[in-house]
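Read the figures in this text as sums done on the coordinates, not as results from a lab. None of the values given here were measured: they were computed from a predicted structure. When we count neighbours, we look across all protein chains shown, and the Cβ atoms used for this are built from the backbone with ideal geometry, even at glycine.
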C-alpha cells in the first residue's frame, strides 16, 4: 500500500517520517522536495508550499497510520490518500519484515 500526504514546507517532514518508520507503521517514507500546492479551503483558493510524503506500508498498517496521523499531523484536515500497489516478492518480503509482519 502507498499512502500519500503533504505537510507544510516549514514542517520537519523527515521527523514525521522517522516516527512512522520507528513505530514500524511504514517500511519507507519518501520526502519529496517542496512544491506549490493550490487548493480550495473554506471557500477560498489557497496557495502554499508543501512537501509530499510517499509512505510505503502494508494493508494491515493503514488504519494504525491513520490513527497516528491524528496525533502527529499539523493540519486540521490532513491529506490521507491510500493507493493499492503491486510489488516484487522480494520487496514485499522486506516491507512486511520492516513493519514487523510475518
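Quick one: in the range 51-61, of everything that is out of contact with any helix residue (DSSP H, G or I) (no Cβ under 7 Å at 6 or more places or on another chain) and more than 16 Å from residue 14 (Cβ to Cβ), which residue is surrounded by the most Cβ atoms within 10 Å (Cβ to Cβ)?
61
Let me confirm something: among 78, 64, which residue is in a loop (DSSP other than H, G, I, E, B) and surrounded by 12 or more Cβ atoms within 10 Å (Cβ to Cβ)?
78
Only residues that are at positive phi and either in contact with a strand residue (DSSP E or B) (Cβ under 7 Å, 6 or more places away or on another chain) or surrounded by 10 or more Cβ atoms within 10 Å (Cβ to Cβ) (or both): list them for the range 37-47, please. Walk me through how you get there before you give the answer.
We begin by selecting, within the range 37-47, every residue at positive phi; these are 42-43.
Within the range 37-47, none qualify.
I need a count of the residues in the range 18-28 that are farther than 22 Å from residue 88 by Cα, in contact (Cβ under 8 Å) with a residue 12 or more places away in the chain and either within 12 Å of the chain's Cα centre (by Cα) or in a helix (DSSP H, G or I) (or both).
Final tally of qualifying residues: 2.
With the structure loaded, tell me whether residue 7 is over 26 Å from residue 100 (Cα atoms) and in contact with a helix residue (DSSP H, G or I) (Cβ under 8 Å, 6 or more places away or on another chain) or whether it fails that test.
Considered against the rule, which asks whether it is over 26 Å from residue 100 (Cα atoms) and in contact with a helix residue (DSSP H, G or I) (Cβ under 8 Å, 6 or more places away or on another chain), residue 7 comes out as yes.
Restricting to the range 11-27, count the residues that are surrounded by fewer than 15 Cβ atoms within 10 Å (Cβ to Cβ) and touching a strand residue (DSSP E or B) at 6+ places or on another chain (Cβ under 7 Å).
Residues flagged as surrounded by fewer than 15 Cβ atoms within 10 Å (Cβ to Cβ) and touching a strand residue (DSSP E or B) at 6+ places or on another chain (Cβ under 7 Å) within the range 11-27 amount to 1.
Table: residues versus (1) farther than 26 Å from residue 89 by Cβ; (2) exposed (fewer than 15 other Cβ atoms within 10 Å of the Cβ).
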| position | (1), (2) |
| --- | --- |
| 9 | yes, no |
| 30 | no, yes |
| 35 | yes, yes |
| 49 | yes, yes |
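Select, from 99, 81, 62, the only residue that is touching a residue at least 60 places away in the same chain (Cβ under 8 Å), within 18 Å of the chain's Cα centre (by Cα) and more than 16 Å from residue 4 (Cα to Cα).
99
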